[in-house]
1. Figure the gain on full extension for T60 and D78 (residue separation times 0.36 nm, minus the Cα-Cα span) and round it to one decimal in nm.
2. Relative to the longest principal axis of the chain, what angle (0 to 90°, nearest 10) does the C-alpha long axis of helix 71-86 take?
3. Where does the charge balance sit around R70 when Lys and Arg score +1, Asp and Glu -1, over other residues with C-beta under 12 Å from its C-beta?
4. So what are region 179-327's ellipsoid semi-axes, whole angstrom, largest first, if each one is the square root of 5 times an eigenvalue of the alpha-carbon gyration tensor?
5. With a cut-off of 12 Å, note down the residues of region 354-388 whose backbone N falls inside the zone around a label point 7 Å from the Cα of N413 toward its beta carbon.
6. For K435, which lysines qualify as cross-link partners when the Cα separation must be under 25 Å and same-chain residues fewer than eight apart are set aside?
7. Consider all pairwise Cα distances in region 93-142 and report the whole-number % of them above 13 Å.
8. Using only the heavy atoms of the protein chains and a 1.4 Å probe, how would D394, D290 rank by accessible area, largest first?
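The values are calculated or read from the model by the stated rules, or taken from the named source; none is laboratory data. From a predicted model like this one, the values you see are computed outputs, not experimental measurements. Heads up, the Cβs are rebuilt from the backbone with ideal geometry, glycines too, and the neighbour counts pull from every protein chain shown. Each accessible area value is taken on the protein alone, full model and side chains, heavy atoms only, with ligands, DNA and RNA left out. Shrake-Rupley method; radii C 1.70, N 1.55, O 1.52, S 1.80 Å.
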Amino acid sequence: MSTGAVVALAAALITPAAVAGPATAAPAAEAVTAATATAAPDIPVANVKAHLAQLQSIATANGGNRAHGRAGYKASIDYVKGKLDAAGYTTTLQTFSYNGSTGYNLIADWPGGDTSHVVMAGAHLDSVTGGPGINDNGSGSAGILETALAVSRAGLKPTKHLRFGWWGAEEYGMVGSKNYVNSLSSADRSKIDSYLNFDMIGSPNPGYFTYRYDSALDALFRDYFAGLGIATEQDFEGDGRSDHAPFQNAGIRVGGLFSGADYTKTSAQAAKWGGTAGQAFDRCYHSSCDTSANINDTALDRMSDAIAYAIWTLSAGDTTPPSGTVFENTADVQIPDNGAAVTSAVTVTGRTGNAPAALQVGVDIKHTWRGDLVVDLVAPNGTSFRLKGSSGNDSADNVQTTYTVNASAVPANGTWQLKVQDVASQDTGYIDSWKLTF
């Protein structure tokens with residue numbers, strides 16, 4: 001997981017108590033069928049750990065790390081590529097340059113499926129220079145690798161096209177995944193129905209966190225773990241810190257899993273998941289002790305099985321993007337630099353009763369430093385929903401994503417407002433458009 005957006009992020013993003021949180025259930029049209037759930041195979045954790053052992057050996061033989069620009073990273077890419085080539089994947093080694101060194105992304109396409117509807121899973125393969133990076137992020141890389149190999153063993157013939165990606169230079173600010181997304185044409189980006197990210201899935205003091213950005217993808221994982229009797233929480237620690245961010249910023253639906261990094265496990269979380277309260281989820285985060293001994297086998301096993309469940313489900317076409325009645329405002333509204341908040345209004349008519357529990361809020365804000373922006377949705381009765389807080393570490397541009405809010409306590413009809421304020425100086429932007437999908 002990247003260090004580029006760590007400091008003070010959670011405090012900026014936690015929704016105030018008065019604000020309704022994300023939806024707690026997927027819309028009925030997006031429910032997962034039992035038949036699909038049983039089709040996904042069990043991923044042998046021994047196989048996943050065998051990949052981690054190989055990555056550990058690679059790091060040990062190459063100065064103790066697998067970092068961008070180092071021999072250990074290239075050896076890691078070669079190991080993964082060899083496995084996928086032998087399993088029948090079409091692999092592409094994408095190169096880029098960063099910090100004076102050549103970086104590599106590995107893209108693996110499974111033959112078949114509708115290439116106009118792509119399901120993609122990814123994980124960063126690089127470590128920091130200070131350690132072998134077996135949990136961060138050998139764990140996610142090994143989990144999707146073994147899932148990809150399970151696809152081959154099963155001879156899966158998915159309805160949608162399957163693609164996997166291993167990213168370079170994530171630890172420098174998602175450089176590899178940004179390079180990949182930026183290399184795609186707008187048409188190719190639109191073909192990616194969903195991107196799933198797996199960064200740290202075997203933390204030694206684990207939590208079970210789901211990405212909250214898309215209600216259907218979030219519910220997919222929550223429902224899976226609920227079937228195991230495991231309660232999940234939505235992830236805030238990983239916001240903007242991993243390779244889902246470039247996809248999300250390009251308007252692609254994102255989801256994923258996370259077992260925790262350097263945040264501290266609370267007493268309530270320890271009661272729910274076991275482990276030790278008052279300690280970090282991963283005390284070896286970005287350290288030399290992030291070795292093959294720094295893995296919780298149970299979490300790694302459960303998370304790897306959940307990856308397979310999601311891949312089998314989504315590639316069969318059982319979970320679709322949200323649809324419904326759309327109310328949109330496309331008029332540009334300038335955002336004052338370090339100034340007062342501005343609003344853009346949408347009037348909703350013809351609805352019955354209250355708004356849905358999974359109200360989709362699509363936002364397109366063009367801005368040169370989105371970390372300065374605070375974004376709220378204001379309901380007709382004045383209730384405010386915090387969509388995005390400010391963060392000095394979120395240095396990317398633009399806010400182009402879809403939020404989900406539980407608006408079931410407020411009337412649907414009336415004037416809704418998107419409220420945006422720039423809270424720091426030296427940047428410019430405007431609300432390009434926004435929409436509500438009921």
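1. Numbers: separation 18, 0.36 × 18 = 6.48 nm, distance 1.60 nm.
Contour length minus Cα-Cα distance gives 4.9 nm.
2. Taking the Cα atoms of the chain, the angle to 71-86 is about 90 degrees.
3. Numbers: positive: R66, K74; negative: D126, E171.
After counting each charged neighbour, the total is 0.
4. On the way: eigenvalues 163, 65, 38 Å².
Over the Cα atoms of region 179-327, the semi-axes work out to 29, 18, 14 Å.
5. Those under the cut-off are 354.
6. K191, K366, K388, K419
7. Details: 855 of 1225 pairs.
Above the 13 Å cut-off, region 93-142 has 70 percent of its Cα pairs.
8. Numbers: D394 30, D290 5 Å².
I get D394, D290, largest accessible area first.
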